[in-house]
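These notes are about the structure you will find just below.
The values are calculated or read from the model by the stated rules, or taken from the named source; none is laboratory data. As the structure is a computational prediction, the values presented were derived from the model and not from experiment. In this analysis, Cβ positions are derived from the backbone assuming ideal geometry, glycine residues included, and neighbour counts consider all displayed protein chains.
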Amino acid sequence: MTTTAYSTQTKVFHWLTALLIISIIPLGLIAGDRPIDTDAQVATKTMLFSLHKTLGVTVFLVALARIGYALTQSKPASLHPDRKLETLLAEVVHWLLYISLVAVPLSGWIHHSAAAIAAPIWIPFAQSLPFVPKDPTVSDFFGGLHWLWSKIMVASIFLHFAGAIKHHFVDKDTTLTRMWFGKSVDVSRKTHASRLPAVIAAGIFVVVAGIGAAAGMLSHDKSDAPTLAAVASDWTVTDGTIGITVKQLGNDVSGRFDDWVSVISFDENAETVAGSVETTINIASLSLGSVTSQAMGPDFFDQGQFPNAVFTGDLIRDGGAYVADGTLSIKGITVPVLMPFAVTVDENSATMTGAVQLDRRDFAIGESMSDEGNLGFAVDVQITLDATRD
């Protein structure tokens, strides 16, 4: 690359990147809009997202190679150095493109790596990134950044394209032709490197991220979910979790309900029936990573129609162990449930742990998902709690 023309390598990098981006953007939009009400629709959506992500990682690697190569070359000078504002804006757009070619695919890659489930990337080494935990908070944060920064990319591409068209048809100069293959006629000019366009472009990315964070777009916020009222109980729960684990696309997906209340009576000295429990669970309080919204839908928990799940049962002592023998109601369907649990009582404090495996089909959850490879039938429930006796 000289001050008058771009090298063949630069042109190859430019048009390869353009082809990849033109493919990736519509793929992401189409995949995002696809329904997932049936096994076939899940398979199609997964395939589209896998293709989108695979091309995204490819763009990231090509962009690194392109930027690394560009840093070793001299850049052709602006054809209109006298148009200072236009030249500055063009340089800012170029830097927006450079940054987005790295930031957008990388944020999407981190989002993929942190997600409990995700359409696979068709590159063997690309399924995870070092130092990125499987954490829904991390996944939500970078998923939000990916969405926000992709809008900067789209805007930059539009401005870049509009500028090229202006130069070719209005200014009638060689801005466009010197990036095409073959010889181009240009006028040599001395270049003046400036950090200002890069600083402005980086600032735009930071400002957009800040606005997104302030608007709550970088996290899954359940602050508007209705909460359950407190209940009177012989034992008051002071801390605890109700967690669930399911398999989707062969991966374990874990989540928990953050809002639930229990009415508990329990006598550790009883020989047979030690007490009873009634637990009400607020379905809207479920956190299940990237599929939380899907889980609220009519084919799953149908939270709008059935906002709560309720377990009612007796606490039965069986030697040194206990079992909660009762029924669980979800979506208006009541199913018998036996849940073994262990409890430790220290005067007026108690710690309890229990686990049970349910079958989602018993509660008409995910009826359209008949392929266990897409969504497992078994749902593992884990319960822990600390309570004090009133």
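Would it be correct to say that Ala40 is on the phi < 0 side of the Ramachandran plot, buried (at least 18 other Cβ atoms within 10 Å of the Cβ) and not assigned by TED's automatic domain parsing to the domain that holds Gly255? No. For Trp15, the conditions (1) aromatic (Phe, Trp, Tyr); (2) modelled with pLDDT of 85 or more; (3) under 27 Å from Lys172 (Cα atoms); (4) crowded, with 17+ Cβ neighbours inside 10 Å are fulfilled apart from (4).
Do you know which of the residues in region 275-318 that are of a type in the set (D, E, K, R) and closer than 16 Å to Ala364 by Cα is surrounded by the most Cβ atoms within 10 Å (Cβ to Cβ)? Step by step, filter region 275-318, then rank; the result is Asp302.
Just give me the residues in region 371-390 being farther than 21 Å from Gln41 by Cα and of a type in the set (Gly, Ala, Ser), in sequence order.
If we filter region 371-390 for residues that are farther than 21 Å from Gln41 by Cα, which is where we start, we get 378-390.
Hits for region 371-390 are Ala378, Ala387.
So, Leu328, is that one assigned to a strand (DSSP E or B), crowded, with 20+ Cβ neighbours inside 10 Å and in contact with a helix residue (DSSP H, G or I) (Cβ under 9 Å, 6 or more places away or on another chain) or not? Spelling it out, Leu328 is indeed assigned to a strand (DSSP E or B), crowded, with 20+ Cβ neighbours inside 10 Å and in contact with a helix residue (DSSP H, G or I) (Cβ under 9 Å, 6 or more places away or on another chain).
Check Val206, Val199, Val263 and return the single one that is touching a residue at least 12 places away in the same chain (Cβ under 8 Å) and not in a loop (DSSP other than H, G, I, E, B). So that I can check it myself, show each step before the final result.
Details: Val206 fails: touching a residue at least 12 places away in the same chain (Cβ under 8 Å); Val199 fails: touching a residue at least 12 places away in the same chain (Cβ under 8 Å).
Residue meeting the stated conditions: Val263.
The requirement of being under 17 Å from the mean Cα position of the chain (by Cα) and modelled with pLDDT under 95 is fulfilled somewhere in region 91-111, by at least one residue. No other residue among Val273, Val237, Val246 is in contact (Cβ under 8 Å) with a residue 40 or more places away in the chain, in contact with a helix residue (DSSP H, G or I) (Cβ under 8 Å, 6 or more places away or on another chain) and β-branched (Val, Ile, Thr) apart from Val246. The set of residues in region 343-385 being among the basic types (Lys, Arg) and either in contact (Cβ under 8 Å) with a residue 40 or more places away in the chain or assigned by TED's automatic domain parsing to the domain that holds Ile117 (or both) consists of Arg360 alone. Remark: Arg66 matches the filter, which requires a residue to be surrounded by 15 or more Cβ atoms within 10 Å (Cβ to Cβ), out of contact with any strand residue (DSSP E or B) (no Cβ under 6 Å at 6 or more places or on another chain) and either outside the structural domain of Leu375 (by TED's automatic domain parsing) or under 18 Å from Trp122 (Cα atoms) (or both).
Report, by residue number, each residue of region 89-103 that is buried (at least 20 other Cβ atoms within 10 Å of the Cβ) and closer than 30 Å to Ile117 by Cβ. Correct list: Ile99, Ser100, Leu101, Ala103. Filtering region 45-86 to residues that are at pLDDT below 90, polar (S, T, N, Q) and outside any loop (DSSP other than H, G, I, E, B) leaves only Thr46. Among the residues making up region 240-264, a single one is modelled with pLDDT of 95 or more and exposed (fewer than 14 other Cβ atoms within 10 Å of the Cβ): Thr241.
A Cβ distance below 6 Å, combined with a sequence gap of six or more or placement on separate chains, defines the contacts here; from region 288-307, residues that are at pLDDT 85 or above reach residues that are of a type in the set (Ser, Thr, Tyr) in the pairs Asp299/Ser368.
For region 69-88, taking the residues that are hydrophobic (A, V, I, L, M, F, W, C) and touching a residue at least 60 places away in the same chain (Cβ under 8 Å), the one that is surrounded by the most Cβ atoms within 10 Å (Cβ to Cβ) is identified as Ala77.
Every residue, every condition in (1) loosely packed, with under 14 Cβ neighbours inside 10 Å; (2) closer than 20 Å to Gly240 by Cα, yes or no:
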| residue | (1), (2) |
| --- | --- |
| Gly320 | yes, no |
| Pro336 | yes, no |
| Glu347 | yes, yes |
| Thr353 | no, yes |
| Ser370 | yes, no |
| Val381 | no, yes |
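Remark: pairs (first residue in region 147-174, free of Cβ contacts under 8 Å to residues at least 24 places away in the same chain; second residue surrounded by fewer than 18 Cβ atoms within 10 Å (Cβ to Cβ); Cβ separation under 6 Å; 6+ apart in sequence or on different chains) = Ala164/Leu176; His168/Leu176.
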